[in-house]
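Colleague: Structure below; questions to follow.
The values are calculated or read from the model by the stated rules, or taken from the named source; none is laboratory data. Note that the coordinates shown come from a computational prediction; the quantities given were computed from them, not determined experimentally. We place every Cβ from the backbone using ideal geometry, glycine too, and count neighbours over all the protein chains shown. Remember, those area values only see protein heavy atoms, side chains included, never the ligands or the DNA or RNA. Shrake-Rupley method; radii C 1.70, N 1.55, O 1.52, S 1.80 Å.
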Amino acid sequence: MKLFGHDSAIEAFRSALDGGKLHHAWLLAGPKGVGKAMFADLAAQRVLAQAAAPDGLGEGLSVSDTHPTAQLIRAGSHPDLRKLVRLPRDRKPDELARNITVDQVRGIQSLFATTPSMSDWRAVVIDAIDDLERPAANALLKNLEEPPPNCVFLIVCHSPGRILPTIRSRCRMLKFSRLSDDVMASAIAQAEPNLDADERAALVRIGNGAPGQALQYAGLDIADLDTAIATLIEQGDTGNGARAALAQSLALKKAQPRYEAFLDRAPTAIAAHARTLEGKALENALCAWEEARSLAGGAQRLSLDPQATVFTLAGLLASLHEPRHDA
């Protein structure tokens, strides 16, 4: 897979790697979904591949699919690589744990207990440090304070201001920004080549420069869902027919992914519309946004009835067209 954008980050990392001055810990900081995790994976692969068999490697962070390092990583069996992510819950394997645990962080000590197997280098990818529970962050700090030789930590970070200053100070930071629409379109096309032009354009529009965020909606016909939302805002729903039809369609079990997308898109649409208003209309829109955000944010956590939830949210959307008598 090709990483789109972030040329300056790639250049900085390669310059350090090729110059023999690779910092032991890199903090990859920026908004969610812009490509930090992909950068971490590709950078770890490049370090290990370049150390093991440097001939024939490509530009940037690229490594041929036929390279032994790439094959081992793809199989999940490279002995010199560890990746820490949130794991599936024991009783609900379709859900991820809230945090990366201290036991997971302590588990990387096994990587350092023996000499590297494939070269002189080892790599640890953490996706993301924001997910570390506090004891896990303290355990990671010990590794960063006394790093093992020839080991690189690639640490994904969504909010660098919230991590321990002692960790931040021991890392070299690479900043990642949101992508332009053209680069977004290329990234989405690579990940989902079978999407039609309308859906790809919709994903670019809602992704806000973060292809990872946009791709969670791939295949859900977001363009059609956004049209339904826009129609409610623009035309209202005096007879409640449109909101009832939408609620019924999104309450079906097979529609669960679109229901989740609606929970995310409805408050966002209200906020976007509010920015075009002023005076009493703006006040009413802000009230609707607060209600929508609260309802959508708790709907799944509280196991609220999907049909009733969508009906209420759709009513808040429609209220942006019709005067709110309850405000």
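Colleague: Determine ³J(HN,Hα), in whole Hz, for all residues of the stretch 51-68 in sequence, where each value follows from phi through the Karplus function 6.51 cos²θ - 1.76 cosθ + 1.60 and θ = phi - 60°; x replaces Gly and Pro.
Modeller: 6, 8, 8, x, 5, x, 6, x, 7, x, 9, 5, 9, 4, 4, 8, 5, x
Colleague: While we're looking at this one, here's another question. With n ≥ 4 as the cut-off for DSSP H runs, can you work out [θ] at 222 nm for the chain, using -39500 (n - 2.57) per run divided by the number of residues, rounded to the nearest 500?
Modeller: -15500 deg cm²/dmol
Colleague: Can you bin every Cα-Cα distance in the chain into 10 Å intervals starting at zero and give me the percent of pairs per bin, rounded to whole numbers?
Modeller: With a bin width of 10 Å, the distribution comes to 5, 21, 27, 22, 15, 8, 2, 0.
Colleague: Could you calculate, for the stretch 1-160, the ratio of the Cα radius of gyration to the Kirkwood radius, expressed as Rg to Rh?
Modeller: 0.95
Colleague: Additional query: Relative to the longest principal axis of the C-alpha atoms of the chain, give the angle of the C-alpha long axis of helix 134-145, reported between 0 and 90° and rounded to the nearest 10°.
Modeller: Approximately 30 degrees, to the nearest ten.
Colleague: So, one more: If each of Lys253 and Asp103 carries a label point 7 Å out from its Cα toward its Cβ, how far apart are those two points in nm?
Modeller: 3.3 nm
Colleague: On to the next question. If you rank Lys175, Lys254 by how much accessible surface each has, with a 1.4 Å probe, what is the order from largest down?
Modeller: Sorted descending by solvent-accessible area, the residues read Lys254, Lys175.
Colleague: So which aspartates and glutamates pass the test for Lys142, namely a Cα distance under 19 Å, with those fewer than 8 places away in the same chain ruled out?
Modeller: Asp103, Asp127, Asp130, Asp131, Glu133
Colleague: To the nearest 10 square angstrom, how much accessible area does Ser177 have with a 1.4 angstrom probe?
Modeller: Accessible area of Ser177: about 80 Å².
Colleague: Suppose all protein chains stay in the model; what accessible area per residue would a 1.4 Å probe give for the stretch 22-101, in Å²?
Modeller: Per-residue value: 52 Å².
Colleague: Still on this structure, I have one more. Kindly state, to the nearest 0.05, the FRET efficiency for His23 paired with Leu304, given R0 = 41 Å and r defined as their beta-carbon distance.
Modeller: The calculated FRET efficiency here is 0.30.
Colleague: Can you give me the solvent accessible area of Ile126 with a 1.4 Å probe, rounded to the nearest 10 Å²?
Modeller: Result for Ile126: roughly 0 Å² accessible.
Colleague: Once the dipole of the chain is set up with Lys and Arg at +1 and Asp and Glu at -1 on Cβ about the Cα centre, which of Gln213, Ser62, Leu246 lies farthest towards its positive end?
Modeller: After comparing all options, I get Ser62.
Colleague: Just to check, using Stokes-Einstein with a Kirkwood Rh over alpha carbon pairs, what's the diffusion coefficient of the stretch 120-164 at 25 °C and 0.890 mPa s in µm²/s?
Modeller: 218 µm²/s
Colleague: Separate question: Could you order His273, His78 so the one with the most accessible surface comes first? Probe is 1.4 Å.
Modeller: His273, His78
Colleague: Could you work out how far helix 306-318 tilts from the main Cα principal axis of the chain, as a 0 to 90 degree angle to the nearest 10?
Modeller: With both axes taken from Cα atoms, the answer is about 70 degrees.
Colleague: Using C-alpha positions alone, give me the convex hull volume of the stretch 212-327 per residue in cubic angstrom.
Modeller: 101 Å³
Colleague: How compact and how long is the stretch 1-44, expressed as Rg and Dmax of its alpha-carbon atoms in Å?
Modeller: Computed over the Cα atoms of the stretch 1-44, radius of gyration and Dmax are 10.5, 30 Å.
Colleague: Oh, and also: Place +1 on the Cβ of every Lys and Arg and -1 on the Cβ of every Asp and Glu in the stretch 145-229, take the dipole about the Cα centre, and give the residue among Ser177, Ala202, Ser159 whose Cα lies farthest towards its positive end.
Modeller: Looking along the dipole axis, the top candidate is Ser159.
Colleague: Rounding to the nearest 20 debye, state how big the charge dipole of the chain is about its Cα centre with +1 on each Lys and Arg Cβ and -1 on each Asp and Glu Cβ.
Modeller: Using only the charged Cβ atoms, the result is roughly 1080 debye.
Colleague: Related question: For Gln300, what charge total do you get from the other residues with a beta carbon under 12 Å from its beta carbon, if Lys and Arg give +1 and Asp and Glu give -1?
Modeller: -3
Colleague: Same structure, new question: Pairs to check: Lys32/Lys280; Lys92/Lys254; Lys36/Lys92; Lys36/Lys83; Lys83/Lys175; Lys32/Lys254. Give those whose C-alpha atoms are more than 25 Å from each other in this structure.
Modeller: Beyond 25 Å between Cα atoms: Lys32/Lys280; Lys36/Lys92; Lys32/Lys254.
Colleague: Hey, another quick one. Carbon and sulfur atoms: what percent of the 1.4 Å accessible area of the chain do they account for?
Modeller: Carbon and sulfur together cover 49 percent of it.
Colleague: With angles folded into 0 to 90 degrees, how steeply does helix 241-250 sit against the dominant principal axis of the chain? Use alpha carbons for both and round to 10.
Modeller: Helix 241-250 sits roughly 30 degrees off the main axis of the chain.
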